[in-house]
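These notes are about the structure you will find just below.
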Amino acid sequence: MRFLAKWMRLVRGANASWEEDGMEEEMRFHLEMEAERNRAAGMSEAEARRKALAAFGNPNRVREDCRDELGWSWLGDFWRDVLHGFRVLGRRKGFAVSVVATLGLCLGANTAFFAALDRLVFEELPFADADDLVEVYRVDLSDGGAKLGSNLSLFNEYSSSADSFESVTYQQGKWSNVDIGGQVFRGNVLRVSDGFFETLGLAAAKGEPLRAESADGAAWLSHALWESSFGRDEGLLGQAIRVDGRDFRIAGIAPWEVDRVTEEVSLFVKLDRAEQAADAADEELRSASEGVVWARLAKGVTKAEALSELTGLERRFLESASAGYRNSNDTHLRRVEVGSVQEIRTQWARSRLTLLNVGTLLVLVIGCVNVANLLLAQANARGEEFWARAMLGARATRLVRQCVGETCLLVGFGWLASLWVSFLGIRFLEAYSSELFRQNAGIGFGWKAFGYSALVAVVVSIGLGLVVGWKALAASRRAESARSAVQATPSRAANWARSSLAIWQTAFTLALLIGGGLLIKSFYLVTSQDYGFDEEDLVTGRIHLTDAAYEDDALREGFKDRLLEVLGAHADVEGVALSTIIPTYGYPDRLVAKHDAVEGEARRRASFGYVSAGYLRTMGIGLLAGRDFADEDAFGWQTPLLVDERFAETHFPGENAIGKRVRLGGRPRNENNWPVIVGVVETARQASIEGELGLPMVYLPLKGSWVTEFSVFVKSRRESGVALRLIAEEVAKLDGRLPVYRSGSMEAVLAESLAGRRGLLWLCMGMGAVALALSAVGVYGASAFRVSQRLREFAIRLAIGATESRVIRTNVAADMRLAAWGLALGLLVAWQASRFLATWLYGVEAFDWQTYAILTSGVGVVYAVSNYLPSRRGVRAARL
């Protein structure tokens, strides 16, 4: 029965015309009855009619009450409100476009960053019971808690003795030369233990499972590579391939889910049985940091319980270990840790995306404040309209509903615009995801991002609608007060709320701008510095002689000599050299032993790299003293060394370093075989172009060394593409099985190292610029709103003799006091927030007074202009 009653009310509401005629007839009947009683009481016709109308009340209000009683009248009211909203916005196109654009930018940016946060951080791994998958690692407490890798010895101990784990697996990655059916490329090959896929709760997508019974030399192609490079060709199964000169067989295709935690892996290779049988008591192997151990927790076991058990195992081993092992692996120096695989892999992205999401939320707050100011100004300007409608019988709830409907209409269009903005933002974040967040997982616009965007839009609609509806009632009352010659003034609470919004808006804007300013200055300092080498017209490519054919020293040296010869023979080549060093990629370091060291003198560390003759000339690194490497200089007996200026100043202050004898590592067994410094060169930024200079540098001869992986550098008068093709062609002529990788111009290498900084810079600059533009428009709108409330005051002050400039100055000064509070708060917020940017700053302190002063002054000027323009306009209107 209840359903039937509601259905009948819905039908009547949808066909309101059935009831309208009857309602009008009934109203006329009641009026006539009341007028008839008045006439019977002796009143005239006109007086009887007037008294009847007064007793009956406002007919429009009665009609509204009757429509509510009919049921479901809100359907018709809603449709009328929508049509009225379209008409109102059509008459104010500029206002509507401003609001829609503001909300579109703010909501779109928030949606894009939420989509990235959801995909890279919140989204669970596609494994069964992914929370039970943990990584076991060690931390070096003597090195600030640096994370250390694991090894096969620890893997075997955990597999056999740790009851906290259901299964344990080991992985060790290595970039290798891969040859699949004549297609040669450089790929990341992950050597894994038995049951690697099973520990993750997965199975091979095609072919054989990875188990203990799998033969040595079995390999599983990554699902991503199988799809992208081989078109899902199942004919690859069983095919022979070569990895670093060793034969393997493709036993299957890895499951696609594993790509989420093993990005950029091309091939999964089963560890040989002999390797997996490593002795758990081997102290040398146990101290190594070669790979990663993952484990699946047993049912009901927590990470804390597993950690307690592993700590106990380590302590028991220390009790029987040698003194040397105990000294370097004591629990006070090294500690075992157990962490969630998901948390560890998302740690980097979580911190940065959280910061960026907070920034976009600040932009959204600023945008909503500005939209609120614009809507409030519109509501204030429509005070006469609202008063007239109230006098005609419109109830307060109807006025509020009308304003909420118009606001929801604006927010709805803004939300539609935000979907397009978020699509562009997601594409930008996906392009920079590896540099900014160290993950290559695709970022898409999923249902979660859509729901988040819709939810935020609903919240914004309700909030703005209620504020504007409340303002509509207030504007109606002010209009009534104005007609009764009583000047209504805003309440203290309203003034406090508007002032607080203005202050926080200013603070957030300044904080975002200062963050972007610090990054801009850092980027300028990084790109304008002297790198210590000449990157112009310089290209590079890397080669790894891993094949068994190059195990012989003579063959290896012959390849290097022939490559230098054929490349240098080209007329367009100005210089060619080989080196283990790639600028910005880092390099190893060791302690330096000095032949004439004073007793008790502390040993210092130095970085090192192997270079061929001609390296300084090709790279444009200046020789300060001594000589360069000659063609006959080789690694071996009394090895000649080149050191940079910092090395000479650090190890031989005030002395001539030429002829000094030093060695990387310990002292030589033969005291007559000390390496000798033959030259001092300029300091170059080899490790990084955006951090500290790093350790002093030592250059050793590449010739005669054990090095099998090196880069070739060519300085050519031709464009970079031609020079790179030249390197690839000459290497292919010498050995077609060798891929050339990490190839590109030196400008591209430097630009790649700055990609993460550039992406974050564009983000902060964009958010800061949008915030400033929105805030400036919002300040203008808020100032115009306040001026519209003070027009009568301005007119009175002008009438009693105040000049226009005095009135303008007084009004602007009052507004700028709020701006000053906002700027002061913004400086505090920026100072606190800039600490999160510390890792991205180069040559700039978190509190760089120049950046703070310039941007604070700039924002102050923008706000002063935004307050001056409406004040001048209002004063002129008041005079008229």
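The values are calculated or read from the model by the stated rules, or taken from the named source; none is laboratory data. All values reported here derive from a predicted model rather than from experimental measurement. Here the Cβ positions follow ideal geometry from the backbone for every residue, glycine too, while neighbour counts run over all protein chains shown.
Being in contact with a Ser or Thr (Cβ under 9 Å, 6 or more places away or on another chain), over 17 Å from L578 (Cβ atoms) and hydrophobic (A, V, I, L, M, F, W, C) is a description that applies to V676. Could you go through segment 630-645 and let me know if any residue there is of a type in the set (F, W, Y) and under 45 Å from the mean Cα position of the chain (by Cα). No; the residues of segment 630-645 include none that is of a type in the set (F, W, Y) and under 45 Å from the mean Cα position of the chain (by Cα).
Each residue in segment 768-791 was checked for being farther than 15 Å from S866 by Cα and either at pLDDT 75 or above or among the β-branched types (V, I, T) (or both), and 1 of them qualify.
One line per residue, one yes/no per condition, for (1) charged (D, E, K, R); (2) free of Cβ contacts under 8 Å to residues at least 40 places away in the same chain; (3) surrounded by 15 or more Cβ atoms within 10 Å (Cβ to Cβ):
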position	(1), (2), (3)
V526	no, no, yes
E536	yes, no, no
E551	yes, yes, no
R556	yes, no, yes
F559	no, no, yes
L567	no, no, yes
D572	yes, no, no
A577	no, no, yes
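For F533, the criteria (1) outside the structural domain of A723 (by TED's automatic domain parsing); (2) part of a helix (DSSP H, G or I) hold in every case but one, which is (2). Strands (runs of 3 or more DSSP E) fully within segment 600-704 that include at least 1 residues being touching a Pro at 6+ places or on another chain (Cβ under 7 Å): 605-611, 640-644, 662-664, 676-681, 697-701. One residue stands out among those in segment 124-141 that are of a type outside the set (D, E) and farther than 15 Å from E166 by Cβ: the one that is farthest from the chain's Cα centre (by Cα), which is L141.
With respect to (1) part of a helix (DSSP H, G or I); (2) of a type outside the set (D, E); (3) modelled with pLDDT of 70 or more, the lone exception for G442 is condition (1). Pairs are defined by a Cβ separation below 7 Å, a sequence spacing of at least 6 or placement on different chains, a first member in segment 266-285 that is over 30 Å from A224 (Cα atoms), and a second member that is outside any helix (DSSP H, G or I); the pairs so defined are E283/A321; E283/S322; L285/N151; L285/A278. Checked against the criterion of being modelled with pLDDT of 90 or more, of a type in the set (F, W, Y) and in contact with a Pro (Cβ under 8 Å, 6 or more places away or on another chain), the candidates F197, F248 yield just one match: F197. Go through (1) at pLDDT 80 or above; (2) touching a Ser or Thr at 6+ places or on another chain (Cβ under 6 Å); (3) part of a helix (DSSP H, G or I) and name the single condition L510 misses. Single failed check for L510: (2). Residues that are buried (at least 18 other Cβ atoms within 10 Å of the Cβ) and of a type outside the set (A, V, I, L, M, F, W, C) are absent from segment 229-241 altogether.
Check segment 686-696 and report whether any residue there is within 14 Å of K594 (Cα to Cα) and either of a type in the set (A, V, I, L, M, F, W, C) or in contact (Cβ under 8 Å) with a residue 60 or more places away in the chain (or both). Within segment 686-696, not a single residue is within 14 Å of K594 (Cα to Cα) and either of a type in the set (A, V, I, L, M, F, W, C) or in contact (Cβ under 8 Å) with a residue 60 or more places away in the chain (or both).
Looking only at segment 708-723, which residues are crowded, with 21+ Cβ neighbours inside 10 Å and either aliphatic (A, V, I, L, M) or over 19 Å from T618 (Cα atoms) (or both)? Hits for segment 708-723 are V712, V714, A723. Screening L641 with (1) in contact with an Asp or Glu (Cβ under 8 Å, 6 or more places away or on another chain); (2) under 22 Å from G532 (Cβ atoms) gives one miss only, at (1). Figure legend. Inter-residue proximity from segment 311-336: first residues assigned by TED's automatic domain parsing to the domain that holds N151, second residues in a helix (DSSP H, G or I) and basic (K, R), beta-carbon distance below 6 Å, spacing 6+ or different chains. Indicated pairs: L318/R326. The set of residues in segment 210-227 being in contact with a Leu (Cβ under 8 Å, 6 or more places away or on another chain) and part of a loop (DSSP other than H, G, I, E, B) consists of S222 alone. For T262, the conditions (1) farther than 24 Å from Q342 by Cβ; (2) in a loop (DSSP other than H, G, I, E, B); (3) of a type in the set (S, T, N, Q) all hold with the exception of (1).
Candidates L333, L307: the one that is of a type outside the set (S, T, N, Q), modelled with pLDDT under 85, under 35 Å from the mean Cα position of the chain (by Cα) and over 27 Å from V178 (Cα atoms) is L333. The condition of being modelled with pLDDT under 85 and either farther than 30 Å from L837 by Cα or assigned by TED's automatic domain parsing to the domain that holds S834 (or both) holds for only one of D552, D561, that being D552.
Check whether at least one residue in segment 356-363 is surrounded by fewer than 15 Cβ atoms within 10 Å (Cβ to Cβ), modelled with pLDDT of 80 or more, assigned by TED's automatic domain parsing to the domain that holds G405 and farther than 30 Å from Y158 by Cα, and report yes or no. There is at least one residue in segment 356-363 that is surrounded by fewer than 15 Cβ atoms within 10 Å (Cβ to Cβ), modelled with pLDDT of 80 or more, assigned by TED's automatic domain parsing to the domain that holds G405 and farther than 30 Å from Y158 by Cα. Taking the criterion of being part of a loop (DSSP other than H, G, I, E, B) and either in contact with a Leu (Cβ under 8 Å, 6 or more places away or on another chain) or at positive phi (or both), the only residue of segment 719-759 that qualifies is L738.
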